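I'd like to ask some things about the structure below.
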Amino acid sequence: MEGYFSKEDSIECKDRRDNEFYRKLSIVEKNISLPSPFPLTSCLLCGVETYSEEFSLRGYLWPASYKHYINDHKVHPSQKFRQFILKTFEEIKKKEEHEKQEAKKNISRQIEQAREIKMDQ
């Protein structure tokens, strides 16, 4: 589990944001389907309301509000979670690139088939 805090926890805020991680975490989260939004919850540091839904992937579990802590309060993830998200991001990008290449091949095949049909006429 990552990113769960209680009022008793001391939440370590860094002096800089981890923008690269935040961007990649956002992309990973977009690739995970979620049920309907859960009720709102409040940030323990500033009180802003965030959704309390949870993301679960390959044994990792983290709240949707974790991005708020990362972005607004400069909380940094554990090294293990960071590596997991970066690896998952790379897998998503490879899959997207593969799908893009396959789509190009399909278009090229369709164009070639259309040319052959036209030449046969």
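Output the 0 to 90 degree angle, nearest 10, between the alpha-carbon long axis of helix 79-120 and the longest principal axis computed from the alpha carbons of the chain.
20 degrees
Which Cα, out of 101, 88, 119, lies furthest along the positive dipole direction of the chain (beta carbon charges, K/R +1, D/E -1)?
Working it through, the farthest residue towards the positive pole turns out to be 119.
Next question, about the same structure. Among the lysines, which fall within straight-line cross-link reach of residue 87, defined as a Cα-Cα distance under 16 Å, with same-chain neighbours fewer than 8 residues apart omitted?
The reachable lysines, counting only those whose Cα sits under 16 Å from residue 87, are 24, 30, 95.
Report, in degrees rounded to the nearest 10, the 0 to 90 angle that the Cα long axis of helix 19-30 makes with the longest principal axis of the chain.
60 degrees
Here are a few candidate values for semi-axes √(5λ) of the Cα gyration tensor in Å: (i) 43, 15, 12; (ii) 36, 21, 14; (iii) 26, 15, 12. Which one was actually calculated from the structure I just gave you?
From the options (i) 43, 15, 12; (ii) 36, 21, 14; (iii) 26, 15, 12, the structure gives (i).
Separate question: Treat each spin label as a single point 7 Å out from the Cα along the C-beta direction, and report the residue 49 to residue 23 distance in nm.
Label-label distance for residue 49 and residue 23, simple model: 3.2 nm.
Show that you can apply the helix-only estimate: for the chain, add -39,500 (n - 2.57) for every DSSP H stretch of four or more residues, divide by all residues, and state [θ] at 222 nm to the nearest 500.
One gets -17500 deg cm²/dmol as the mean residue ellipticity at 222 nm.
Sort 74-85, 103-114 by the packing proxy (mean of other Cβ within 10 Å over each peptide's residues), most packed first. Can you show the working numbers first?
Values: 74-85: 15.4, 103-114: 10.0.
Most protected by this proxy first, the peptides run 74-85, 103-114.
Where a number appears in this text, it was derived from the coordinates with a stated rule and is not lab data. Just so you know, these numbers come straight off a predicted model, no measurement behind them. Note: ideal-geometry Cβ built from the backbone for every residue, glycine included; neighbour counts use all protein chains shown.
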